[in-house]
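Written below as structure tokens is the structure these notes are about.
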Amino acid sequence: MKNLLVTGGAGFIGVNFIRYLLEESDYEGRVINVDKLTYAGNPESLSDIEANYTDRYVFVKADIVDKNTISTIFDKYEIDGICHFASESHVDRSITSPDEFIRTNILGTYNLLEIARERGGRIRLFHHISTDEVFGSLEKEEYFTENTSYNPSSPYSASKASSDHLVRSYNKTYDLPVTISNCSNNYGPFQFPEKLIPLMLLNAIEDKALPVYGDGLNIRDWLYVRDHCIAIWAIMKIGRIGETYNIGGRNEMENIKVVEMICDYLDVILGKRTNRESRRSLISFVADRAGHDRRYAINSNKITSQLGWMPVESFETGLLKTIKWYLANEQWIKSVRSGEYLNWIKQHYS
């Protein structure tokens, strides 16, 4: 792949993937980053990449739902590979406003597939990034495998399930070369502070309440974002066409335990609160989210046995790296939380 289209590359995982691809991997081609720049898309996170890789990195502000514009991009940059991150991804937002999730996650994916199909043999690979949430909730001792039936609980997971089925159908019907990955909960640098770990981390730093849904015993499998990026690139290089690969961090953790660990790390790094109390005292339990799945856990034996991938970070090491990154990047946090980055976008991509 000489010209790789990365959709949603200004979002959390996309930013980390582009950084990994250009700074660490063996990829030698060009990256064309297409992002609509919604509230969670921040191209400023890649401003140094844009400056340092002028011949290998291009950013284009565009919406994947706009088929004509995306078609032009495919032809202008001679796209021969796609890594599709672009999606609306926040479960709470999908519950209150599902429209945009249906539009972007289903119609946007359909547009990309159609454009790729229309270009025939030029497309070497269409890799689709999905989530373990398409499988629904698990009982104890069970694990999601690549053969687990889909059972989505939210408009977000339902829209991702639909896009997964579309991608598979284009492989079976039109012989489009596709791969799919379903990952567990990502965390790490550059994550927009609406998700659990950055939200709790920043609230705890600022001595604000730490609201935990329900009883806090919902379990997620946590995957450090760089480990995820390495897995994606392994699939894109040596994965089998038409196959799906589950990517898990092998780090199951109750939500309340995650929040308590954040508090404990900050108590050590920054010292306890002014009244000498642990930051755990900021934890409060709030009404549970509608349709809140109880447990997710991924069996990632397939990608390990077939492609040789294993997560490098334990939850403890990954969380500590994440905390240190946020503590060291106050300006990025300020820009994102205040909306100042929107002015940067207007100046550069008006």
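FYI, it's all coordinate maths here, none of it is from the lab. The shown structure was predicted, so the numbers you read here are calculated from the model rather than taken from an experiment. Cβ atoms come from the backbone with ideal geometry, glycine included; neighbour counts cover every protein chain shown.
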With Rg from the Cα atoms and Rh as the Kirkwood inverse mean 1/r over Cα pairs, the chain has an Rg/Rh of 0.95
Expressed as a whole-number percentage, the relative contact order of the chain with C-alpha contacts under 8 angstrom and at least six residues apart is 18
If amide H atoms are modeled at 1.01 Å from N in the peptide plane, then the residues at a separation of 5 or more from Leu5, or on another chain, having amide H under 5 Å from its own are Ile32, Asp80, Gly81, Ile82, Cys83
Counting only residues 5 or more apart in sequence or on a different chain, those whose built amide H sits under 5 Å from that of Ala297 are Phe144
A correct Karplus calculation of ³J(HN,Hα) over region 237-251, with 6.51 cos²θ - 1.76 cosθ + 1.60, θ = phi - 60°, whole Hz and x for Gly and Pro, returns 7, 10, x, 7, 4, x, 9, 10, 10, 7, 10, x, x, 6, 9
Ranked on Cβ counts within 10 Å of their own Cβ, fewest leading, Leu113, Leu138 go Leu138, Leu113
At q = 0.26 1/Å the base-10 log of I(q)/I(0) from the Debye formula over the alpha-carbon atoms of region 94-180 is -1.24
Relative contact order of region 111-193 (C-alpha contacts under 8 Å, at least 6 apart) in percent is 42
Taking placed amide H atoms and a strict 5 Å upper bound, the residues 5 or more places from Asn251 or on another chain that come that close are Trp222
For region 31-84, the Debye formula with one identical point scatterer on each Cα and no solvent gives log10 I(q)/I(0) at q = 0.21 Å⁻¹ as -0.85
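Please compute the volume of the convex hull spanned by the alpha-carbon atoms of region 178-226 and report it per residue in Å³.
Numbers: hull volume 5.4 nm³, N = 49.
Cα convex hull per residue, to the nearest whole number: 110 Å³.
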With the 8 Å Cα cutoff and a minimum separation of six or more residues, region 207-350 has a relative contact order in percent of 36
Ranked on Cβ counts within 10 Å of their own Cβ, fewest leading, Asp26, Asp63, Asp227 go Asp26, Asp63, Asp227
The ³J(HN,Hα) series, computed from each phi in region 202-219 with the Karplus coefficients 6.51, -1.76 and 1.60 at θ = phi - 60°, rounded to the nearest Hz and given as x for glycine or proline, is 6, 4, 5, 4, 8, 6, 9, 4, 10, x, 10, 5, x, 9, x, 9, 5, 10
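Is the shape of region 222-350 best called rounded, prolate or oblate, per the rule: a/c under 1.5 gives rounded, else a/b larger than b/c gives prolate, else oblate, with a ≥ b ≥ c the square roots of the Cα gyration tensor eigenvalues? Before the final figure, lay out each step's value.
On the way: a/c = 1.94, a/b = 1.32, b/c = 1.47.
Taking the square roots of the gyration eigenvalues as a ≥ b ≥ c, region 222-350 is oblate.
Counting other C-beta atoms within 10 Å, which of Lys324, Lys302 has the fewest, and how do the rest follow?
Working: Lys324 13, Lys302 18.
Sorted ascending by nearby Cβ count, the order is Lys324, Lys302.
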Looking only at aspartates and glutamates whose Cα falls under 15 Å of Lys36's and that sit 8 or more positions away or on another chain, we get Glu44, Asp63, Asp66, Glu88, Glu100
Counting only DSSP beta bridges fully inside the chain, the antiparallel percentage to nearest 5 is 10
Quick calc: nm separation of the 7 Å Cα→Cβ label points for Asn275 and Ser314 -> 3.4
In order over region 50-59: 3J(HN,Hα) from phi, Karplus 6.51/-1.76/1.60, θ = phi - 60°, whole Hz, x for each Gly or Pro, gives 4, 6, 8, 10, 4, 9, 10, 9, 10, 10
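Over 28 Å between C-alpha atoms is what I'm after, so list which of Lys208/Lys321; Lys140/Lys208; Lys2/Lys67; Lys172/Lys195; Lys257/Lys324; Lys237/Lys324 land there. Present the calculation step by step, with values, prior to reporting the outcome.
Working: Lys208/Lys321 22 Å; Lys140/Lys208 33 Å; Lys2/Lys67 22 Å; Lys172/Lys195 35 Å; Lys257/Lys324 19 Å; Lys237/Lys324 32 Å.
Distance filter (> 28 Å) returns Lys140/Lys208; Lys172/Lys195; Lys237/Lys324.
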In Å, the Kirkwood hydrodynamic radius from C-alpha pairs for region 1-131 sits at 14.9
Per the C-alpha gyration tensor (a ≥ b ≥ c, the square roots of its eigenvalues), region 152-198 is rounded if a/c is under 1.5, else prolate if a/b beats b/c, else oblate; here it's prolate
